[in-house]
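The values are calculated or read from the model by the stated rules, or taken from the named source; none is laboratory data. Fair warning: this is a prediction, and the values are worked out from it, not measured in the lab. Virtual Cβ from ideal backbone geometry, glycine too; neighbours counted across all protein chains shown. Side chains are part of the model used for accessible areas, which takes the heavy atoms of the whole protein and leaves out ligands, DNA and RNA. Shrake-Rupley method; radii C 1.70, N 1.55, O 1.52, S 1.80 Å.
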Amino acid sequence: MVGAILTQNTNWKNVEKAIFNLKQADALHAEAILDMDNARLRELIRPSGFFNQKADRLKLFCTFYLRHGKENGLKKLPNPRAELLAQKGIGPETADSILLYALQMPVFVVDAYTRRIFSRLGLISADIDYTATQTLFMNHLPADVLLFNTYHALIVEHAKRHCRVKPDCATCPLLCCCDSAISNS
DNA sequence: ATCCAGTTGG
DNA sequence: CCAACCGGAT
């Protein structure tokens with residue numbers, strides 16, 4: 001859950017450093033994060049960028065998390081997703097990441113990579129929003145936690161290896177079925 | 001449409 | 001050196 005918040009618009013490598021810092025400080029849990037003064041927390045999570053905002057968001061989330069009785073409490077809520085979205089600093093992707101990766105609920109996580117890859121392939125339009133993209137995937141896949149988990153991870157990996165902003169199409173495994181493939185380069 | 005911000009890989 | 005980074009709030 002900490003990772004889901006810290007990785008907002010940030011490279012995961014940087015998030016790992018921040019999480020490592022929290023572990024070293026024996027502070028990778030809600031109580032410790034809340035007990036820490038903000039200056040200290042900012043320093044620990046600094047590598048993940050946007051550290052002022054994220055320190056505040058982490059604390060707000062920890063309060064929310066404890067108020068509902070940690071993981072089990074969150075999972076038992078009538079509508080966990082709506083509760084998460086009501087928190088400042090938790091948007092659709094962060095909420096869904098928490099639902100899927102932390103609470104093991106079958107929710108498909110959409111990110112900028114998902115839309116970039118699939119719009120380039122020609123399977124969705126470029127301006128489709130988060131919810132519509134998510135609905136499309138969930139209407140065409142069985143609701144399976146492990147499948148959604150792996151599928152999203154593979155999308156991230158593919159975007160980093162080939163389907164970057166400046167794409168590397170030459171060695172792309174999806175070259176054959178992509179509308180936007182750049183012939184050479 | 002802008003701001004938030006340090007880190008990494010090319 | 002600089003593009004890019006598993007977004008969200010205003």
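Taken as a whole, the structure leaves A:LYS59 outside the set of residues that are within 16 Å of DNA strand B (Cβ to nearest atom), charged (D, E, K, R) and open to solvent by less than 10 Å² (accessible area, probe 1.4 Å).
Within the stretch A:94-117, the residues that satisfy the criterion of being under 25 Å from A:LYS76 (Cβ atoms) and either among the basic types (Lys, Arg) or in contact (Cβ under 8 Å) with a residue 60 or more places away in the chain (or both) are A:THR94, A:SER97, A:ILE98, A:TYR101, A:ALA102. Consider the stretch A:9-19 and keep the residues that are near DNA strand B (Cβ under 8 Å from one of its atoms) and surrounded by 14 or more Cβ atoms within 10 Å (Cβ to Cβ). The one that is nearest to A:SER97 (Cα to Cα) is A:THR10.
Counting the residues of the stretch A:20-49 that are within 16 Å of DNA strand C (Cβ to nearest atom) and surrounded by 14 or more Cβ atoms within 10 Å (Cβ to Cβ) gives 6. Return yes when A:LEU154 is over 18 Å from A:ILE5 (Cα atoms) and not in a loop (DSSP other than H, G, I, E, B) and no when it is not. Yes: the conditions hold for A:LEU154.
Against the criterion of being crowded, with 17+ Cβ neighbours inside 10 Å and either more than 12 Å from the chain's Cα centre (by Cα) or more than 16 Å from DNA strand B (Cβ to nearest atom) (or both), A:LEU123 does not qualify. For the stretch A:13-39, residues that are free of Cβ contacts under 8 Å to residues at least 12 places away in the same chain and in a helix (DSSP H, G or I) total 8.
If you go through the stretch A:40-88 and keep only what is touching a residue at least 40 places away in the same chain (Cβ under 8 Å) and among the polar types (S, T, N, Q), you end up with just A:SER48.
Taking the stretch A:157-176 as the range and being open to solvent by 50 Å² or more (accessible area, probe 1.4 Å) and in a helix (DSSP H, G or I) as the test, the residues that pass are A:GLU157, A:LYS160, A:ARG161, A:LEU175, A:CYS176. When every residue of the stretch A:118-134 is checked against the conditions, none turns out to be outside any helix (DSSP H, G or I), modelled with pLDDT of 95 or more and farther than 21 Å from A:LEU77 by Cα.
Looking across the stretch A:66-94, the residues that are open to solvent by less than 30 Å² (accessible area, probe 1.4 Å) and either part of a helix (DSSP H, G or I) or over 25 Å from A:ALA25 (Cβ atoms) (or both) come down to A:GLY73, A:LEU74, A:PRO80, A:LEU84, A:GLY91, A:THR94. Against the definition (polar (S, T, N, Q) and more than 30 Å from A:GLY73 (Cα to Cα)), how does A:THR171 come out, yes or no? So A:THR171 passes the test.
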